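Q: The following block contains the structure, expressed as structure tokens.
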Amino acid sequence: MSPCQGEGREFESHRPLFILLNGRGTKLKILKQDKKGNKVSIEIDVPYEEFAKALDKVIADISSTMKVPGFRPGKAPSNIIKQNLNMEFAKEKAVDLVVEQSYPEILKQTAIEPVDYPSWKPVAIEDGVKCVISFEVEVMPEIKLGKYTGIKGERKNSDVEEKEIDDYIKMITEESSQVSEVKDRAVKNGDIAELNITGKIADKVESRLSQNNLPILIGDNRVAPGFDANIEGMAIGDTKEFSISLPADYYIKEFAEQEVSFTVTVLKILERIMPEFNDEFVKKISSFANVAEYREDVKKRIGDFKKHKNDDELKDSLLDQVMNSCEIDIPNALIAREIETMVSELKMNLDRQGLTIENYIKSRQMAPQDLKKELEPSALKRVKARLVLKEISDKEKIEFSDSDFTEELKLLSKEMNVPEAELMTREGIREYIKDYVLRRKALDFIVENAKIKEK
């Protein structure tokens, strides 16, 4: 589990905002600094000569391409250029340039940690006298931690029952089954039936409930709960009409709790022939010599999976309690950025399946903004978890060592299938790994100091 409940592990640079605003820096004064909530307002006084240099550069850049009657581009005298130039526009560009050069020093003097790009505007510019600029920017929020030690939690038992092993083995044998077409009997549970299906709601054919030549495994209730029971007993060529009330949790939300009239025709019946699960079968599908060894391995794998799942659920439960007990006003910019990250993660997952996010959105009959709205609660939770865990890490003075970096770099290299040497060249890689490891250690700290009851 990631320390931020579902957070992806794809690498993203964690370099500070405005890392590209790396001008030579300017001598400036902070005239005013106010904070309301997560927004900071700053007023700075930049030496006028810095503004004048910036203005000269802007004018020079514009004049190099400016067309003035009677002169070649870039050859008109400066007084002629200024007569033909929108000086208000030039001054705005000069202020932008001053900001680009001044911002690193502003961050240093104010000790703020921005989470978004600032807005700015000139307050007072007097020729030869002064240049005063005001900024407004969202910053990292203040976090008031609640209780994060002695939290109560329950860890589920990870013991493996014989039925779980049997069910897994049944699945394996079914995957190895062969099929044979039958024509002399009706459909029964366990068969694969090829069907033409038409589904109507209020006498209107619904395309998502209708399909021709659809093979379904009878007993899976893939179409709808109770659907397969109506197919059992039908023979090839039979057509049957029946109605089903869809449940409240039906996977197509807009059809939930509605009555559907189905018309179904059986086209083909395939019987599955299961292999016998014995020592010979085990040797074919694994490196084990007999059934007993295979069952023991299955038991171990199921147990490991259950333990990992139960540990994750415990961590989620404890972290939820910690987050609910703290006070934090999360900036909208952080939530918006996390939503974009989640959309990118979804896109990559779809790409791996040969799908596109455009078709995914279309299949769900929603607009791109609806997807982002749907992701907002999860994004909020992920951001809050990240901030809270970082605060606990800082408060408990949790350490990050070179060995932590080396170990995590190896894991990241393996997960991303990217050589360690290449990862090392990526800007911000150490900061990214440090941030991740410290949050993971903070979550471990919560678990280690919790009051856990084993179920």
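Q: I need a count of the residues in region 393-417 that are out of contact with any helix residue (DSSP H, G or I) (no Cβ under 8 Å at 6 or more places or on another chain), without any contact (Cβ under 8 Å) to a residue 24 or more places away in the chain and farther than 14 Å from R440 by Cβ.
A: Residues meeting the conditions: 7.
Q: Ok, one more. Has region 160-171 got any residue that is modelled with pLDDT under 95 and either on the phi < 0 side of the Ramachandran plot or assigned by TED's automatic domain parsing to the domain that holds Q365 (or both)?
A: Quick first cut of region 160-171, residues modelled with pLDDT under 95 only: 170-171.
Pick out the ones that are also either on the phi < 0 side of the Ramachandran plot or assigned by TED's automatic domain parsing to the domain that holds Q365 (or both) and you get 170-171.
Yes: one or more hits.
Q: Take the conditions under 28 Å from I42 (Cβ atoms) and surrounded by 13 or more Cβ atoms within 10 Å (Cβ to Cβ) and apply them to V129. Does it pass? Working first, answer last.
A: On the way: under 28 Å from I42 (Cβ atoms): yes; surrounded by 13 or more Cβ atoms within 10 Å (Cβ to Cβ): no.
Here the answer is no, as V129 does not meet what is asked.
Q: Restricting attention to region 100-114, which residues are surrounded by fewer than 21 Cβ atoms within 10 Å (Cβ to Cβ) and part of a helix (DSSP H, G or I)? Walk me through how you get there before you give the answer.
A: Residues of region 100-114 that are surrounded by fewer than 21 Cβ atoms within 10 Å (Cβ to Cβ), as a first pass: 100-101, 104-105, 107-113.
Answer for region 100-114, where residues must be surrounded by fewer than 21 Cβ atoms within 10 Å (Cβ to Cβ) and part of a helix (DSSP H, G or I): E100, Q101, P104, E105, L107, K108, Q109, T110.
Q: Here is a follow-up. Looking for whichever is among the hydrophobic types (A, V, I, L, M, F, W, C), out of contact with any Lys or Arg (no Cβ under 8 Å at 6 or more places or on another chain) and within 20 Å of V139 (Cα to Cα) here; the options are L355, L389, L380, L350. Which one fits? Give the derivation first.
A: Numbers: L355 fails: within 20 Å of V139 (Cα to Cα); L389 fails: out of contact with any Lys or Arg (no Cβ under 8 Å at 6 or more places or on another chain); L350 fails: within 20 Å of V139 (Cα to Cα).
Selected residue: L380, the only one of L355, L389, L380, L350 that is among the hydrophobic types (A, V, I, L, M, F, W, C), out of contact with any Lys or Arg (no Cβ under 8 Å at 6 or more places or on another chain) and within 20 Å of V139 (Cα to Cα).
Q: Sticking with this structure for a sec: Tally time: how many residues in region 234-248 are exposed (fewer than 12 other Cβ atoms within 10 Å of the Cβ) and either charged (D, E, K, R) or assigned to a loop (DSSP other than H, G, I, E, B) (or both)?
A: Total meeting the criteria: 3.
Q: How many residues are surrounded by 14 or more Cβ atoms within 10 Å (Cβ to Cβ), within 12 Å of E162 (Cα to Cα) and free of Cβ contacts under 8 Å to residues at least 60 places away in the same chain when one looks only at region 286-303?
A: Matching residues across region 286-303 total 0.
Q: Here is a further query. From the residues in region 208-228 that are out of contact with any Gly (no Cβ under 9 Å at 6 or more places or on another chain) and either charged (D, E, K, R) or outside any strand (DSSP E or B) (or both), which one is nearest to E174 (Cα to Cα)?
A: Applying the filter and picking the extreme gives D220.
Q: Next up: Out of the residues in region 249-284 that are in a helix (DSSP H, G or I) and not assigned by TED's automatic domain parsing to the domain that holds L209, which is surrounded by the fewest Cβ atoms within 10 Å (Cβ to Cβ)?
A: Start the filter on region 249-284 by keeping residues that are in a helix (DSSP H, G or I), which leaves 253-255, 279-284.
Next cut, not assigned by TED's automatic domain parsing to the domain that holds L209 only: 279-284.
Working: D279: 14, E280: 11, F281: 17, V282: 21, K283: 13, K284: 9.
Per the criteria, the residue is K284.
Q: Could you say which residue among S363, S393 is of a type in the set (S, T, N, Q), at pLDDT 95 or above and out of contact with any strand residue (DSSP E or B) (no Cβ under 6 Å at 6 or more places or on another chain)? Lay out the reasoning, then the answer.
A: On the way: S363 fails: at pLDDT 95 or above.
Just a single option satisfies the conditions, and that option is S393.
The values are calculated or read from the model by the stated rules, or taken from the named source; none is laboratory data. It should be emphasised that the depicted structure is a prediction, and the values quoted were computed from it without experimental measurement. Methodologically, a virtual Cβ is constructed for each residue, glycine included, from the backbone with ideal geometry; neighbour enumeration extends over all protein chains shown.
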